[in-house]
Amino acid sequence: MSMDLFTYEDNSVLRSVIRGIVYVVVLISLAWFLVYAFMGQTIINGQSMSPLLNAEDVCLVDRLKYDLGRPGRFDIVLFERADSEKLNVKRVIGLPGENVQIANGLVYINGEKLDDERIGSISLAGIAENVVELGKDEYFVLGDNADSSEDSRFANIGNVKRKSIKGKLWMKIRPVAEAGLLN
C-alpha cells in the first residue's frame, strides 16, 4: 500500500512539472505570436534621436497602435520617407491642421512656444523658418538631436503623411543594459 502512495506522489510531481513546462511554452509562443503579428522591431541608424536612441539600438514597434488611433505629439514614430523607401525614426512635433515654425532656435505651434525638455535649441530652421501649414493627414517630425537630424525641416522629408507612418516605437530592447519603455 505504501508503494502505491509513493508512486502516486511521484506521478503528481511529474505531472505538475510537465504542466508547468507546457504553460511556459504556451506563454512564450503566445508572446512570440503577438510580437511578430502586431509588432516589429527596428534598428536605429545614426544619432538623430540621441541621447534616447543611439546607432545600432534595437526597438520594438507597435504597428497596431495607429491602425486603431492617431499619432500624438511627442510619439516616436517609424515612417517611410517620401523620397525613398528608407525607414526613419523621429518624434512627432506638429499634428494635422497645425502651423509649425522654428524661430530663434525655438519651436512654435500655432504661434505658441512648444516647451519640452526633449527639444533643445535648434540652430537650423530649414523650411520651418517660415510657417509650415500641416494638412489634415500630415505630421511634422523632428529628431531629438535636431542639429544632427534630417527631418521635416528639410524638403526631401517635409511633412510626413499619415499613411507613411508604420508604427510607434515603444520599447528599447538592445543594448540589454539600457532596455526599457520609451517615453
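Every read-out reported here was derived from the displayed coordinates using simple, explicitly stated rules and does not represent laboratory data. All values derive from a computational prediction rather than experimental measurement. No Cβ is skipped: glycine too gets one built from the backbone with ideal geometry, and neighbour counts run over all protein chains shown.
Longest stretch of the chain clear of exposed loop sites (trypsin sites (Lys or Arg not before Pro), DSSP loop, at most 10 other Cβ atoms within 10 Å, sites excluded): 1-85. Amide H to amide H, with H built 1.01 Å from N, Gln41 comes under 5 Å of Val61, counting only residues 5 or more places away or on other chains. Compared with the dominant principal axis of the Cα atoms in the chain, helix 2-38 is inclined by about 20°. Exposed loop positions in the chain were taken to be GluC sites (Glu not before Pro) whose DSSP state is not H, G, I, E or B and which have at most 11 other beta-carbon atoms within 10 angstrom. Between these positions, the longest stretch is 118-183. Here Phe38, Phe33 are placed in order of increasing Cβ neighbour count within 10 Å, fewest first, which gives Phe33, Phe38. Each 5 Å bin, from zero up to the one with the longest distance, holds this percent of the alpha carbon pairs of the range 44-181: 2, 11, 21, 24, 21, 14, 6, 1, 0.
Give, as a single signed number, the net charge of other residues whose beta carbon lies under 15 Å from the beta carbon of Leu68, with Lys and Arg counted +1 and Asp and Glu -1. With Lys, Arg at +1 and Asp, Glu at -1, the net is +3.
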